[in-house]
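These notes are about the structure you will find just below.
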Amino acid sequence: MYSTPFILSFSLLLSLPILFFFLAPTFHPHPLPPISVPDELDDLRLFHRATTPSLSSSHLSSSSSPKIAFLFLTNSDLHFLPLWNRFFRTAKTSRYNIYVHADPTINITRPTKSVFDDRFIPNAKRTFRASATLISATRRLLATAILDDPANAYFAVLSQYCIPLHSFNYIYRSLFTAKTFDLTSNSSDLTQYGVRVKYKSFIEIISKEPRLWKRYVARGRFVMMPEVPFEDFRVGSQFFVLTRKHALLVVKDRTLWRKFKLPCYRASECYPEEHYFPTLLSMQDPDAVTRYTLTRVNWTGTVAGHPYMYKPKEVSAKLINELRKSNYSSSYLFARKFSPDCLKPLMGIADSVILRD
């Protein structure tokens, strides 16, 4: 007769396939569907048009008023639309443009009687969190803005959870005319008369992060090679402000995109939108980026990769002033993440605090 230990061991062995069947999704989550061929081809046509010689001037526009292109990436209603309307109320229309990429599979309210009227781009596609679709959506916004207006000189990527921390005029001066806004710049960025001659992109680029290796191999140990060796792999916020030169560089890229668009097999370590842009710019033009972002975010108490979300009771002048503080620039210009019900208290301090120079 078989001994009891043998029977137990044999039973356990037989149960392994059953355990694997139920637990496999936990250990090996199903990757999100890859970007479809029609969507990819549609994007390529758009990117080709945006990078034709007649529209691909890489320097700041010769227009008397270079513009900021505000690029909103959303999969829900624009929660802080009234605040943004007030933000743009005092701005000269010759100094900005607005573009919104809204997930077409979600019923999103299109604003009327607003500066956001007709600013939703027609070629928007479905997006998924922690997937290359967010890279595509951002590139789509950049290409659309490049094509739409040669005067677009800076491109600010924002979400529906972002708010401004200053007035439009303060932000415009900080990006275009302020001599000391970027605390990391040096005297070579100015002429002898104190005029800024070098415009950099404000994008966070981090080379040392504890989970970087796990994120690098999320598609497979050698998948990113040889185009993206691990020593060149970077991470940073997906919310940034790019120069026109760098917006074009992003839209033109094909090489790194072929790697970053591949689906991940470690879903918990896959955030391609946080790696593609900082890696590309760090590899292609490292001396023309600040390596920090102008959008303040609080990672204290992060849950499932989401940053801290501020609640209505926390909104105050003290919070806004605290969020503005930066070690790299005179001030942060934007902040996230705020819950939708923060709108009322934010509007209550909009004129007296947020938009007051």
Please report, in debye to the nearest 20, how large the charge dipole of region 64-293 is about its Cα centre when each Lys and Arg carries +1 at its beta carbon and each Asp and Glu carries -1 there.
160 debye
First measure r as the distance between the Cβ atoms of Arg95 and Ser54, then evaluate 1/(1 + (r/R0)^6) with R0 = 22 Å and state the FRET efficiency to the nearest 0.05.
0.40
Using 1/(1 + (r/R0)^6) with R0 = 22 angstrom and r between the beta carbons of Thr184 and Lys325, what's the FRET efficiency to the nearest 0.05?
0.90
So Asn298 and Arg266, fully extended at 0.36 nm per residue minus their Cα-Cα distance, gain in nm 9.0 nm
Along the Cα→Cβ direction, 7 angstrom out, place labels at Glu231 and Asp148. What is the inter-label distance in nm?
4.2 nm
Name every cysteine in the chain that ends up alone, with no second cysteine's Cβ under 4.7 Å, or say none.
Cys162, Cys342
Rounded percent of accessible protein surface that carbon and sulfur make up, the chain, 1.4 Å probe
58 percent
Heavy-atom accessible area ranking, 1.4 Å probe, most first, across Phe230, Phe47
Phe230, Phe47
Can you say what percent of the DSSP beta bridges in the chain, counting only those with both residues inside, are antiparallel? Round to 5.
35 percent
Would you calculate the separation in nanometres between label points at Val37 and Ile206, each defined as 7 Å from the Cα along the Cα-to-beta-carbon direction?
3.9 nm
Identify, among Ala132, Tyr328, Ile35, the residue whose Cα sits farthest towards the positive end of the charge dipole of the chain, taking +1 on the Cβ of Lys and Arg and -1 on the Cβ of Asp and Glu, with the dipole about the Cα centre.
Tyr328
Can you give the extra length, in nm with one decimal, that the chain gains between Phe128 and Lys313 once fully stretched, where that is 0.36 nm per residue apart less the Cα-Cα distance?
63.6 nm
Expressed per residue, the solvent accessible area of region 64-293 in Å² (1.4 Å probe) is about 41 Å²
Which value, to two decimals, describes the C-alpha radius of gyration of the chain once divided by 2.2 N^0.38 Å?
1.12
Using 0.36 nm per residue of separation minus the Cα-Cα distance, give me the extension gain between Asn85 and Ala288 in nm, one decimal.
69.9 nm
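The values are calculated or read from the model by the stated rules, or taken from the named source; none is laboratory data. A quick note: this is a predicted structure, and the numbers were derived from the prediction, not measured. Because the Cβ atoms are built from the backbone with ideal geometry, glycine has one as well, and the counts that use them run over all protein chains shown. Side chains included, ligands, DNA and RNA excluded: accessible areas come from the protein's heavy atoms. Shrake-Rupley method; radii C 1.70, N 1.55, O 1.52, S 1.80 Å.
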